[in-house]
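Worksheet for the structure shown next.
Quick note: the coordinates plus some simple rules give every number you see, no bench work behind them. Just so it is clear, the structure is predicted and the values come from calculations on it, not from any experiment. All Cβ positions, even for glycine, are placed from backbone atoms using ideal geometry, and neighbour counts span all protein chains on display.
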Amino acid sequence: MQHIDKIIIYIDGSSQGNPGLCGVGNTFETAYGKKLLEISKFIGEGTNNQAEYQGLISALNVLKDKRLNLRLTPETEIEIRTDSELLYNQINGSYKVKDWSLKKLYSIVQKLKMELPNMKMVLIPREENRVCDKLAKKAIKDAVKQLNIKAKSININKTQSLFS
């Protein structure tokens, strides 16, 4: 089984209502464009920026999941692509994290990054991230159907908050 030299991960988060119901979307592919994995996950209620962070955390946790057998080595280059200027600049240290709710998520990302020394983030135009945007919005849509809730009037008892 051949190991992957470079993995490219697109990430996105979406919030309907901001704050409102949130979903994340991730795609994983090789440097040659071979799709490895897609994720569409409902994450509860929060803001768009919180959803963007959760999209990154989701992707980093997938990398650590040994059950998926992504064939990564400690030398594998990990390139995370995001269209969130705020997330990109906060993770790279250009912007300070001032919002208390993002500080907790930022801390989680920093801990996960320590285990991935070959990780770098790349800021991309929104139009290059359409697949993940659709996956994030699909997660919300599917949750609304499954949980029988309205996206604009969330019943917190039926969903999970980001901070509970």
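For the chain, the alpha-carbon coordinates run over 48, 34, 30 Å along the three principal axes, in decreasing order. Going from the fewest other Cβ atoms within 10 Å to the most, the residues Tyr10, Tyr106 appear in the order Tyr106, Tyr10.
May I ask you to compute the full-extension gain from Asp5 to Glu75, defined as 0.36 nm times their residue separation minus their alpha-carbon distance, rounded to one decimal in nm? Please list the in-between numbers first.
Values: separation 70, 0.36 × 70 = 25.20 nm, distance 0.72 nm.
Extending this stretch completely gives an extra 24.5 nm.
Scanning the chain for trypsin sites (Lys or Arg not before Pro) that sit in a DSSP loop and have at most 12 other Cβ atoms within 10 Å, the longest stretch containing none of them is 35-95. Taking all Cα pairs closer than 8 Å and separated by 6 or more residues, the relative contact order of segment 6-158 comes to 33 percent.
Which lysines does Lys113 reach when only Cα atoms under 22 Å apart count, and residues fewer than 8 places away in its own chain are ignored? Reachable lysines: Lys6, Lys41, Lys64, Lys66, Lys96, Lys98, Lys103, Lys104. Evaluating 6.51 cos²θ - 1.76 cosθ + 1.60 at θ = phi - 60° for every residue in segment 84-99, the Karplus couplings come out as 8, 5, 4, 4, 4, 6, 6, 5, 7, x, 6, 10, 7, 8, 9, 5 Hz, glycine and proline recorded as x. If you run the Gaussian network model on the chain, springs between alpha carbon atoms under 10 Å, then out of Ser94, Ser15, Ser58 the most flexible one is Ser94. Ordered by the number of other Cβ atoms lying within 10 Å of each residue's own Cβ, fewest first, Asp99, Asp65, Asp12 fall into the sequence Asp65, Asp99, Asp12.
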